[in-house]
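These notes concern the structure reproduced below.
The values are calculated or read from the model by the stated rules, or taken from the named source; none is laboratory data. Remember, predicted model here, so these are calculated numbers, not experimental data. All Cβ positions, glycine included, derive from the backbone under ideal geometry; neighbour counts span all protein chains shown. Protein only, heavy atoms only, side chains kept; ligands, DNA and RNA dropped before computing areas. Shrake-Rupley method; radii C 1.70, N 1.55, O 1.52, S 1.80 Å.
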Amino acid sequence: MISENLVTIWQVWCRRKYPTYLFLALCLNLVFASTVFAATGDAFSRSQVYALGVLGIGTVCLSIYLFVVMFQPERF
Amino acid sequence: MKINLSNIKPVPRNNRYARRDTPTAALEGLYQRAIRDAFRKLDPRIAVGNPVMFLVWVGTIVTFLVTLDPNLFGTVQADPNQQRLLNGAITIILFLTVIFANFAEAVAEGRGKAQADSLRSSRSDTIAYKLLPDGAISQVNSTELRKGDRVIVKIGELIPADGEVVIGVASVDESAITGESAPVLKQPGTDIASSVTGGTKVVSDELTILITADPGQGFIDRMIALVEGAKRSKTPNEIALTVFLAVLTQVFLIVVATLSPLANYVNTPVTIAILVSLLVALIPTTIGGLLSAIGIAGMNRVAQFNVIATSGRAVEACGDVNTLILDKTGTITLGNRLADEFIPVNGHSVEEMAAVALAGSLFDETPEGKSIVQLAEKLGAKIDFSRTQATGVEFSARTRMSGTDLPNSIEIRKGAIDAIRGFVRSRGGTIPSKFDDAYEQVSKLGGTPLGVCKDGDLYGVIYLKDIVKPGLKERFDQLRRMGVKTIMLTGDNRITASVIAQEAGVDDFIAEATPEDKIDVIKREQSQGKLVAMTGDGTNDAPALAQANVGVAMNSGTQAAKEAANMVDLDSDPTKLIDLVAIGKQLLITRGALTTFSIANDIAKYFAIIPTIFAAAGIGTLNVMGLKSPQSAILAALIYNALIIPALIPLALNGVKFRPLTADQLLQRNILIYGLGGVIAPFIAIKIIDVLLPIA
């Protein structure tokens with residue numbers, strides 16, 4: 001029963017790639033935001049650091065997306 | 001209705017070509033539908049297809065978040081309410097920028113959809129009478145028909161699918177697809193007249209048709225898919241421009257993303273909303289927003305011309321064409337050559353020759369043959385035998401003669417001079433020198449000489465008058481100025497061809513050409529790195545149509561020709577190739593002009609935003625426009641950025657006014673109008689918006 005549920009979750013996980021990417025980005029942000037928080041001291045609150053982390057990751061993703069456009073323009 | 005051939009007009013508005021223009025009824029709902037589609041295109045899965053506008057869309061979301069919480073990405077120095085107001089205004093302007101760009105694309109697509117609806121109305125599911133192998137007839141829906149099936153279509157019925165006539169002769173009304181009200185005769189065996197299109201109507205007799213297309217794969221289905229843009233793929237030029245825009249966007253993204261530490265270093269911290277604004281102002285949003293609309297509008301312009309292009313690539317290729325290969329008859333000269341004079345030889349009188357010419361043309365159903373009969377009858381000629389006892393001899397490319405076999409074994413022939421010479425010699429006759437004089441005399445006049453003989457007795461030369469279409473010389477001059485070479489192909493002799501070529505003003509000609517020569521000419525031109533366009537209608541034209549960079553098949557042509565070509569002319573007018581070149585060039589010029597304008601705009605936007613933001617760093621003197629404040633400067637630049645997109649939609653859809661100039665002249669003109677104008681216009685517009693904005 002549990003294994004069936006795990007299989008179902010894994011299948012949904014594999015099928016829905018965007019929520020997966022979002023989840024992975026947030027996980028990455030845990031590391032990223034903590035580093036920024038440690039480096040900036042009191043300049044930013046915890047929530048601001050997490051928001052900045054998401055913005056930074058988002059910017060990198062946009063940059064990667066633009067590279068994909070440059071190298072595979074026929075897909076767009 | 002007369003066609004004005006003296007001007008190249010890419011989008012004719014008041015002539016017969018404009019017949020398939022977007023239906024008024026469909027246009028009524030066009031803008032409502034476009035507004036709905038503009039919002040639908042906000043779906044990230046669709047938005048991601050346009051990199052520049054996708055960045056603006058992401059920027060809009062970011063500024064929306066900082067409108068909700070101005071301190072989201074860091075504590076701001078200014079009053080949070082004022083900051084919220086500014087961020088809110090930026091969000092709204094960015095959102096409108098995205099919507100305007102989506103709207104431009106949706107309007108262009110909407111026009112195509114309206115044309116598709118118009119085509120769709122001619123396609124409906126009908127009941128077909130399928131002929132079974134055992135000879136029985138089964139009643140089926142047209143959607144159940146498959147390639148290879150045979151159907152019987154009677155008077156008043158719609159032809160259920162594309163096919164070839166195998167039995168029967170009937171008139172078919174093709175007005176549903178061509179707009180031409182006169183019915184067309186369809187019969188088996190003939191190369192051109194045997195091809196029928198689904199959705200057209202049999203108006204006399206009945207036909208047995210061999211189906212050549214599966215459901216959804218027919219001519220009209222493919223046309224609908226194309227004008228709707230369902231199969232639209234980016235053209236090479238569009239791909240190149242997309243890469244260029246992506247590179248520019250990437251550069252500005254990196255610049256703006258790394259600007260914050262530098263700003264902090266010079267003690268001028270900038271907010272995220274301002275950085276987003278700067279990014280949007282710097283990336284080429286104008287061309288990014290209008291790029292696909294320009295491409296779709298190009299396809300639509302071709303469709304309005306009653307020409308269906310199989311891809312945007314074909315339309316663009318028209319603009320790059322270096323060589324046009326044109327058939328003489330029907331394209332350069334009026335299709336029907338008429339007999340103008342009989343020039344007798346061998347001591348025969350004009351009356352005697354007229355009588356022989358009449359007898360030789362009795363069974364000739366071509367316009368030339370009929371005109372010979374008319375001229376002969378005008379001269380009082382009569383036949384002295386029973387028509388039923390004579391036999392007609394059809395013209396063939398091999399013999400290059402036609403004529404009549406009389407009951408008493410006498411053979412009358414008329415045809416190409418060389419062919420008649422050979423025929424007379426084979427019957428023991430001689431060729432008088434006067435015959436060559438007559439032939440040269442006709443050739444020098446630009447006419448087509450036809451020899452006439454009765455067995456071995458040569459009677460003379462018929463002068464078939466060729467009339468060059470009016471205004472064609474001027475159009476060829478315009479094409480020459482644009483760097484397009486014109487080559488005329490004709491089956492006529494060298495002298496006639498050279499006279500017509502000179503009269504029409506073509507650059508080169510190939511006389512005594514066979515259909516196979518077309519492909520040789522195309523290959524020769526292509527080997528020199530040139531792009532070639534040509535028209536054709538017969539099955540023997542199909543290889544050349546496929547080989548040419550732009551192959552335009554006539555709708556009256558065979559299925560093979562239509563499938564080999566990348567454009568199909570519904571009016572079957574080969575002269576339209578010249579207009580297609582103009583449309584292609586207009587598409588390329590429009591895209592080039594708007595790209596130049598968009599990039600030139602960046603200079604003014606840069607000077608509007610950077611000096612005001614970093615005034616504290618000592619670059620305030622660069623604020624050449626004297627803008628009031630950073631907030632006002634940013635809003636003014638963004639408002640201009642948003643408004644310029646809808647302002648340029650008409651230009652993107654209708655195209656830049658086309659002028660037949662050389663590439664260098666066009667470049668100079670573009671740089672002057674759209675380059676210099678693109679620099680000056682935003683300076684003025686941003687200053688005016690800055691003055692009008694009610695913020696200090």
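Quick rundown of the values:
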quantity	calculated
Any hit, the stretch B:204-220, residues being away from chain A (no Cβ under 14 Å), buried (at least 21 other Cβ atoms within 10 Å of the Cβ), out of contact with any Lys or Arg (no Cβ under 9 Å at 6 or more places or on another chain) and at pLDDT below 75	no
The stretch B:76-101 - residue that is away from chain A (no Cβ under 14 Å) and part of a loop (DSSP other than H, G, I, E, B) and, of those, farthest from B:Ala281 (Cα to Cα)	B:Asp79
Some residue of the stretch B:265-276 being at the interface with chain A (Cβ under 10 Å from one of its Cβ atoms), polar (S, T, N, Q), buried (at least 17 other Cβ atoms within 10 Å of the Cβ) and touching a Leu at 6+ places or on another chain (Cβ under 9 Å)	no
A:Gln11 vs. criteria open to solvent by 90 Å² or more (accessible area, probe 1.4 Å), among the polar types (S, T, N, Q) and either within 10 Å of chain B (Cβ to nearest Cβ) or over 24 Å from B:Leu245 (Cβ atoms) (or both)	yes
Residue list for the stretch B:475-503, filter: charged (D, E, K, R) and more than 20 Å from the chain's Cα centre (by Cα)	B:Asp477, B:Arg481, B:Asp492, B:Arg494, B:Glu503
All positions within the stretch B:532-552 that are in a strand (DSSP E or B) and either closer than 17 Å to B:Gly584 by Cα or open to solvent by 10 Å² or more (accessible area, probe 1.4 Å) (or both)	B:Val532, B:Ala533, B:Met534, B:Thr535, B:Val550, B:Gly551, B:Val552
Subset tally (residues that are without any contact (Cβ under 8 Å) to a residue 60 or more places away in the chain and exposed (fewer than 14 other Cβ atoms within 10 Å of the Cβ)) for the stretch B:47-77	2
Scan of the stretch B:404-459 for residues that are under 23 Å from B:Leu358 (Cβ atoms), assigned to a helix (DSSP H, G or I) and polar (S, T, N, Q), ordered by number	B:Gln441
Output for the stretch B:31-75, where each listed residue is of a type in the set (A, V, I, L, M, F, W, C), in a loop (DSSP other than H, G, I, E, B) and within 11 Å of another protein chain (Cβ to nearest Cβ)	B:Val48, B:Leu72, B:Phe73
Breaking point among (1) open to solvent by 30 Å² or more (accessible area, probe 1.4 Å); (2) facing another protein chain (nearest Cβ under 8 Å), for A:Ala51	(1)
Counted residues, the stretch B:368-387 - those being surrounded by fewer than 14 Cβ atoms within 10 Å (Cβ to Cβ) and either in a loop (DSSP other than H, G, I, E, B) or at pLDDT below 85 (or both)	5
Number of positions in the stretch A:54-76 that are more than 8 Å from chain B (Cβ to nearest Cβ) and in a helix (DSSP H, G or I)	9
For B:Cys453: the one exception among (1) at pLDDT 90 or above; (2) over 20 Å from B:Ala376 (Cα atoms)	(2)
Every pair of residues 6+ apart whose Cβ atoms lie under 9 Å, when the first sits in the stretch B:235-257 and is facing chain A (nearest Cβ under 7 Å) while the second is of a type in the set (Asp, Glu)	B:Ile239/A:Glu74; B:Thr242/A:Glu74
Some residue of the stretch B:407-424 being modelled with pLDDT of 90 or more, among the aromatic types (Phe, Trp, Tyr) and open to solvent by less than 40 Å² (accessible area, probe 1.4 Å)	yes
Yes/no for B:Leu638 being farther than 29 Å from B:Ala533 by Cβ, buried (at least 22 other Cβ atoms within 10 Å of the Cβ) and touching a Ser or Thr at 6+ places or on another chain (Cβ under 8 Å)	yes
Residue count, the stretch A:14-48 (criterion: among the hydroxyl-bearing types (Ser, Thr, Tyr), surrounded by 13 or more Cβ atoms within 10 Å (Cβ to Cβ) and within 16 Å of the chain's Cα centre (by Cα))	2
Meets criteria (buried (at least 22 other Cβ atoms within 10 Å of the Cβ) and at pLDDT below 70) for B:Ile224	no
Residues satisfying the stated conditions in the stretch B:645-667, i.e. surrounded by 14 or more Cβ atoms within 10 Å (Cβ to Cβ), part of a loop (DSSP other than H, G, I, E, B) and at pLDDT 80 or above	B:Gly655, B:Val656
Residue satisfying all of: in the stretch B:489-524; of a type in the set (Asp, Glu), at pLDDT below 85 and not in a loop (DSSP other than H, G, I, E, B); least open to solvent (accessible area, probe 1.4 Å) among these	B:Asp517
The stretch B:560-575 - residue that is open to solvent by 20 Å² or more (accessible area, probe 1.4 Å) and either of a type in the set (Asp, Glu) or touching a residue at least 40 places away in the same chain (Cβ under 8 Å) (or both) and, of those, nearest to B:Leu479 (Cα to Cα)	B:Pro574
Index of the failed condition, B:Ala339 passing every other in (1) over 30 Å from B:Leu577 (Cβ atoms); (2) among the small types (Gly, Ala, Ser); (3) touching a residue at least 60 places away in the same chain (Cβ under 8 Å); (4) not in a helix (DSSP H, G or I)	(1)
Number of positions in the stretch A:54-76 that are open to solvent by less than 60 Å² (accessible area, probe 1.4 Å) and either closer than 16 Å to B:Val52 by Cα or among the aliphatic types (A, V, I, L, M) (or both)	13
Criterion: open to solvent by 10 Å² or more (accessible area, probe 1.4 Å) and either assigned to a loop (DSSP other than H, G, I, E, B) or of a type outside the set (Phe, Trp, Tyr) (or both) - qualifying residue of B:Ile583, B:Ile609, B:Ile578, B:Ile603	B:Ile603
Test: A:Asn5 is more than 8 Å from every other protein chain (Cβ to nearest Cβ), more than 22 Å from B:Met53 (Cβ to Cβ) and surrounded by 12 or more Cβ atoms within 10 Å (Cβ to Cβ)	no
